[in-house]
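Input: a single structure, listed below in structure tokens.
Nothing in this text is a laboratory measurement; each read-out follows from the coordinates by a stated rule. Every value quoted in this text rests on a predicted model; they were computed, and no experiment measured them. FYI the Cβ positions are ideal-geometry reconstructions off the backbone, even for glycines, and counts take in every protein chain you see.
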Amino acid sequence: MVENAGAGGRITIDSAGTGNWHVGMPPDQRAQNALMHRGRDVSNTRARQIELRDFVVFDLILAMDQDNFIKLKALSPIDQHKKIHIFRRFANSFESNDIPDPYYGTSDDFEVVLDMIESASLGLLDHCLSRL
């Protein structure tokens, strides 16, 4: 989406978890399959855990749910708390603030979660473009 908007050199995106249990591993195969159906290959992506420097380097730190929002606040310096937001706040639809973890669900759950992520990503992109 960032590349298609012509902002590839001006917006940097990364992903990290609050826990370390999947560090170095590729995305769940169901996630890879769902993304591949949407034309996105993430097979070379590897999980990493958020680092203290991320709170300084990035302008926004986005949590997928309230639990991770609380964990991110606990992990970050107090002066960086203003950067931490619930990702879904940028979405134009969906009732819940949380994006559920589909790990214990079905392949269809991954598709639903990707719909939520894409909706929030469009809103986030608009937010970022308005501030460039």
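The H on the amide N of Ala63, modeled in the peptide plane, is under 5 Å from the matching H of His85, Ile86, Phe87, each at least 5 residues off or on a different chain.
Computed over region 29-129, relative contact order equals 27 percent, with contacts defined as Cα pairs under 8 Å that lie 6+ residues apart. Taking trypsin sites (Lys or Arg not before Pro) as exposed when DSSP calls them loop and at most 13 other C-beta atoms lie within 10 angstrom, the chain has its longest site-free stretch at 54-130. The translational diffusion coefficient of the chain, from Stokes-Einstein at 10 °C and 1.306 mPa s with a Kirkwood hydrodynamic radius over alpha carbon pairs, comes to 101 µm²/s.
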